[in-house]
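A quick write-up on the structure given underneath.
The values are calculated or read from the model by the stated rules, or taken from the named source; none is laboratory data. Because the structure is predicted, anything quoted here is derived from the model rather than measured. No Cβ is skipped: glycine too gets one built from the backbone with ideal geometry, and neighbour counts run over all protein chains shown.
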Amino acid sequence: MQDFESAQTQMPDTFDVTLPQSAGGDALESDDKAAPRSTQREGLPAHYRMRAERHYVDSITSASAGVPIRLIPLSQIEATPSDATGNIEALVKSVRVHGIIQPLLVRKRQTRYEVIAGKRRFAAAATLGLTEVPCVLHQVDDATAASLAAAENIRTQPAGSLRAVVGAQIAEAIGRVADDVMRVQSSLAVLRSAPEGYERAVSADLVAAQAFRTLWLANTAALLAGGKLRSGKRRPLPAVLDELVRQFEPECRLTGLKLEIVSAAPPVTVNDGFVTIALSGAVMMTLSLLDQIPQPIVEIQTHQLDAGSIAIHVTQRHVPASQDIIDRFTTRIRSAWTPMIFALGTMALEHATAAHGGASDLVALDEGGSAIQLTFCRL
C-alpha cells in the first residue's frame, strides 16, 4: 500500500516528535578523519563517536581505525558495583535477542580488565551467562576513568525532577500543536464545500488524513511526556468506534484501505480519550506492516469479558508477523528499521491500556496475519 503522502498532490512533510529519554549505550569507535568536536560526546574521549554514525562498519574493519574491538572473556573482566546498573530486565531481553551490539569501554589492570563504561551491558551479559563480550581497550589513569564512569552514571540514572520539568514543558508545547491541528480539521468542512472537482476533494482528504495522524502523534507524545491525556470523556463504545472509522475515511479513499468493524460493540461506556488513542495507534501500527499491500483490510473485533472489562482486537490477515517484530512489541525496543509509528504506538498502547488496568499484546495468527489485542478493565 502506498503511503497517502505520496499521492499526486504533494503535501508538506510531517513533523517528528522526540520524547525525552535516557541515553542508551555508549558504543564507540575512532575516526581519525573526523573534524574535532567542541565538546565530548556521551562522556567519552573526543576521538570516539557513536556507532550509529555513517561508515561505522567501514571504520571498525578498516586497518586505520586505530581502536580495534576485541572479544574478551567475562572471567577476565571486573566491574565495580554501581547504582547505574539498576533494573536491567529490558536490557537483558535485548541482549538475549540481539547480543551485545555496543562494545564496553575497558582498561587493562595487570592481568585483568576493568569496565570503565558499559556496566549495565556487563551485568546483562553476566545474567545471561555469556562467556565473552565485545570491548574497546582504552588505557587511562584513575582520574580519567572515574570521570568517564561518572558521566555514564549520570546518563543512566533514573529520571529526576529536571526530566519531569522538561517532560511537562514538552507536553504543553505539543498540546498547543494539537490545538492548531484541531483547528485545521475544523476548516476542512469549508474546503469540502467549495464548488470544485476531483482535485479539491483529493486535497481535502490528504489534509484530513495527515491532520488526523499528526493529531494522534501530538496527543500520544503528550501522554508519554506528561503521563496524562489532555482531554477525554465518557462515551458509549459503539460511538467511539464509529468516530474512529469516520476519522480513517479520508485515508480509506486515498489508499483503498478497508477498515471493518466485524462484531457489534458491547453497550459499555468508556473513556474515549484512552480508547481512541490506543485503537488509532493499533490501526496505524497494523498499517505500517502492510505498506506493500494494495487495498489492505483491517478488522476491529470487540468482546465483553465481564461486567467491567472489554477486549478489542485489531487484525490483519495479509502478512505473517515475524518473531522479531513481536519481540520488539513486547520489549518496546526500536531498531533502525522499525517505523516510528510502530515504535511510538507500542508505548501508547501500553500507557492507554494500563490506565484502565489492562494490557496490550501482539500475536501471530495461525492462518497468517497478526492481531493487536487490547484489554481495558475497570471501565
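Taken over segment 219-235, the criterion of being surrounded by 16 or more Cβ atoms within 10 Å (Cβ to Cβ) and not in a helix (DSSP H, G or I) is satisfied by LEU229, ARG230, GLY232, ARG235.
Taken together, the criteria exclude ASP327 from residues that are surrounded by fewer than 17 Cβ atoms within 10 Å (Cβ to Cβ) and under 16 Å from ARG213 (Cβ atoms).
Taken together, the residues in segment 203-237 that are β-branched (Val, Ile, Thr) and in contact with a His (Cβ under 8 Å, 6 or more places away or on another chain) amount to 0. Considering each residue of segment 187-198 in turn, at least one proves to be assigned by TED's automatic domain parsing to the domain that holds PRO250, modelled with pLDDT of 65 or more and either of a type in the set (Val, Ile, Thr) or under 24 Å from VAL283 (Cα atoms) (or both). Would you call ALA222 over 13 Å from ILE300 (Cβ atoms) and modelled with pLDDT of 80 or more? Considered against the rule, which asks whether it is over 13 Å from ILE300 (Cβ atoms) and modelled with pLDDT of 80 or more, ALA222 comes out as no. Tell me, yes or no, whether segment 236-254 has at least one residue that is among the basic types (Lys, Arg), out of contact with any Ser or Thr (no Cβ under 8 Å at 6 or more places or on another chain), part of a strand (DSSP E or B) and touching a residue at least 40 places away in the same chain (Cβ under 8 Å). No; the residues of segment 236-254 include none that is among the basic types (Lys, Arg), out of contact with any Ser or Thr (no Cβ under 8 Å at 6 or more places or on another chain), part of a strand (DSSP E or B) and touching a residue at least 40 places away in the same chain (Cβ under 8 Å).
Could you go through segment 262-270 and let me know if any residue there is in contact with a Lys or Arg (Cβ under 8 Å, 6 or more places away or on another chain) and outside any loop (DSSP other than H, G, I, E, B).
yes
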